[in-house]
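Comments concern the structure below.
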Number of protein chains: 2
Amino acid sequence: MTPMSESVAFQDQMTDNFCWGCGADNPDGLQLKSHWEGKGEGDVAVAQWQPGSEFAAGPRHVLNGGIIATLLDCHGVCVAIADAYAREERAIGSEPDLWYATASMSIDYLRPTPLDGPVSLRGWVVDVDDRFTTVECELDADGKVRARATVRAVRVPDTWRHGAPPA
Amino acid sequence: MTPMSESVAFQDQMTDNFCWGCGADNPDGLQLKSHWEGKGEGDVAVAQWQPGSEFAAGPRHVLNGGIIATLLDCHGVCVAIADAYAREERAIGSEPDLWYATASMSIDYLRPTPLDGPVSLRGWVVDVDDRFTTVECELDADGKVRARATVRAVRVPDTWRHGAPPA
C-alpha cells in the first residue's frame, strides 16, 4: 500500500466529501478522521473525536445518542470504503472512484458516554461480498465501551454521489 | 388529558432537556418537535423538520444518515416518554418526572433523502413493559418513506438526568 494511506486519514484521501459527520469538505461538520491502526491495512481502523458541549443528550454531561450514531455510521462506512480500496491494492481516492452508503445500522447503547473527554472508535470488517460490506464498530470513552454498532454498507455507483438529486 | 398535551410539542412540555436533537433548552440543537397526530393520544406521533444545507451526506443534495438517525432516535424516545405519561393519565412533564433513554436502535435506509425540503416523522408504540418501550418510526420526504427504525427505549431513574456524570 502507499505510504499516504498509512499516515493520512481515510477522509483526507477522499475527494468531494461534504458529509456532515466526516467530510473533509464540510467546514460545519464533525470532521471525523479514521485511520488503520498501526501500519497494516485490512485490520482495525481507529478514530478519536472530541465532543463539543452542545452535543449533549438530555443531561448536559452525557454525549448525545444521535451523535454517537453519526460517528459509528461514518467510521463504519469509511472503513468499508478503505477496505474496498485495499482489496484492489489501490490508494483511497484513486480512480475509478469507490463509494459506499449505509444500507442499515443497529446500535446498542451500553452505558452513558461522558461529554467532557474524547471518544475513541474502533471498526473492523466482518463480511464482504460484491455489494455489501459489514463493519462492526465500538465507541469507547474513559476506558469503557459505551456503544456497539453493526453497519451494513452498500457499494453505490458514481451517480449516487454526482447524479441528480434523489426522487 | 390536558388540552396542553394536544397543542404543545412533547419537547416543549419537558423540563431541563438539553438534548442536541430535540431539547427545547439547547439553542444549538436540531429542536425537533413531536406531537400526537390529531386529537387522540396513544396513537401515532408526528414531527416535521427542515434540514439545513450543512447536514449533507457525502453529496450535497442528500440528507446525512447520522442526522436521520438522530431524528428517528429523538422522535422514538419522546414518543416513549409521552406514552408513559399518557398511561398514567398525566400531562407530560408533571411530577414525578418520567424519562427514557435509548437502549438500542436499528435503522434501515431505504433510499436517499433529499436535502432541499422538509422531512416528516411518524412513530408509534409497538411494545411496552415495566422497563422498556419499543417504538417504530418512519422518516418520509417528498411523499416516500426514506428510512425506518425500531427504537428500544429504557425507563431511567432521575439520577440518569440529574445525577453525577457517567463513570
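What follows draws every value from the coordinates through simple rules; no lab data is involved. Because the structure is a prediction, the values reported are computed rather than measured. With ideal geometry, Cβ positions are generated from the backbone for all residues, glycine too; neighbour counts draw on all protein chains shown.
Odds and ends about this structure:
- Within the set A:GLU54, A:GLU95, the sole residue that is within 10 Å of another protein chain (Cβ to nearest Cβ) and of a type in the set (Asp, Glu) turns out to be A:GLU54.
- Checking A:HIS162 against (1) exposed (fewer than 15 other Cβ atoms within 10 Å of the Cβ); (2) closer than 25 Å to B:THR150 by Cα; (3) facing chain B (nearest Cβ under 8 Å), the condition it does not meet: (2)
- Within region A:11-29, tally of residues that are part of a loop (DSSP other than H, G, I, E, B) and either touching a helix residue (DSSP H, G or I) at 6+ places or on another chain (Cβ under 9 Å) or at the interface with chain B (Cβ under 8 Å from one of its Cβ atoms) (or both): 13
- All positions within region A:57-92 that are away from chain B (no Cβ under 13 Å), buried (at least 22 other Cβ atoms within 10 Å of the Cβ) and either part of a loop (DSSP other than H, G, I, E, B) or more than 19 Å from the chain's Cα centre (by Cα) (or both): A:ILE92
- Residues in region B:108-119 that are under 24 Å from B:PHE18 (Cα atoms) and assigned to a strand (DSSP E or B): B:VAL119 alone.
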